[in-house]
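The values are calculated or read from the model by the stated rules, or taken from the named source; none is laboratory data. Quick caveat: nothing in here was measured; it's all calculated off a predicted structure. Note that each Cβ is placed from the backbone with ideal geometry, even for glycine, and that neighbours are counted across all protein chains shown.
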Amino acid sequence: MVHPTFSFLLGTLAALFPIADPIGAIPIFCTLTAKHPPKYRRQQAKQVALNVFAVLVTFFLGGKLVLGFFGISLAVVRIAGGLIVAHTAWQMVTSHQRLTLQEHAEAIDKEDITFTPMAVPLISGPGAIGVTMTLSTRCQHWEEYLGCLLGIGLFSGVVYLCLVLGQPLLQKWGKTGVGALTRILGFLILAIAVQLIAEGSLEFVRANLDQTR
């Protein structure tokens, strides 16, 4: 039997990687840091990863508190999370730009791009935040919480590696190759979104039927 910590670690990484899509962020990062030396790009990549970790952990730990304060049920969270994930997936499948032209122009002029736009909204955007809040509702024991936190940490490390190794990867695959991989991931995420919506809807209907009895 797989230990809960390891199971939730892998589950968190598997849930975050496609929806946050750090590979799809490589061309944008390379464009925004093109005029800087490799050492500076590595520093920026490290800070992006740390910012992503901080944002996701904040929403993961505060997820249940926020939901409890507003009286939002777990079923509704899963439905809403599924809709957000579906929206993100559809943008990936249709090759929708992750940054608007105005956001891209503003980012080029910024000295520090590590929080905005790279960490938020590019990588730890609404989809990734929705996933972490949904994961927080599934945790019941400390081993599960630990697994999710370790999974977020591991994902942040993957973000760093993707951005650091992004330049040679982009040269080898080209923007077309990265775009094709993004569309494939988008299709898989869309399937996950449908599953979340279906589970949440079923749970919502069951809860309301139990109340009427």
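Observations on the model:
- Across the range 80-114, the qualifying residues are those that are within 15 Å of the chain's Cα centre (by Cα) and under 17 Å from residue 27 (Cα atoms), and the one among them that is modelled with the lowest pLDDT is 98.
- Looking only at the range 143-178, residues that are in a helix (DSSP H, G or I) and either over 20 Å from residue 14 (Cα atoms) or in contact with a strand residue (DSSP E or B) (Cβ under 9 Å, 6 or more places away or on another chain) (or both) come to 13 in all.
- Just one of the numbered conditions (1) touching a Lys or Arg at 6+ places or on another chain (Cβ under 8 Å); (2) within 30 Å of residue 208 (Cβ to Cβ) is not true of residue 68: (1).
- Selection within the range 26-43 - part of a helix (DSSP H, G or I) and among the β-branched types (Val, Ile, Thr): 26, 28, 31
- Among (1) over 14 Å from the mean Cα position of the chain (by Cα); (2) surrounded by fewer than 15 Cβ atoms within 10 Å (Cβ to Cβ); (3) under 21 Å from residue 53 (Cβ atoms) - the single one residue 180 does not satisfy: (3)
- Selection count where residues are farther than 16 Å from residue 21 by Cα and touching a residue at least 60 places away in the same chain (Cβ under 8 Å), scope the range 42-53: 5
- Here is the figure for the range 119-140: residues that are of a type in the set (S, T, N, Q) and in a helix (DSSP H, G or I) total 4.
- Residue among 198, 193, 207 that alone is closer than 30 Å to residue 65 by Cα and crowded, with 20+ Cβ neighbours inside 10 Å: 193
- Subset of the range 6-25 that is assigned to a helix (DSSP H, G or I) and either in contact with a Cys (Cβ under 6 Å, 6 or more places away or on another chain) or free of Cβ contacts under 8 Å to residues at least 24 places away in the same chain (or both) - its residue that is surrounded by the fewest Cβ atoms within 10 Å (Cβ to Cβ): 14
- Hits in the range 136-187 (condition: among the small types (Gly, Ala, Ser) and either in contact with a helix residue (DSSP H, G or I) (Cβ under 7 Å, 6 or more places away or on another chain) or in contact (Cβ under 8 Å) with a residue 12 or more places away in the chain (or both)): 136, 147, 151, 153, 156, 157, 166, 179, 186
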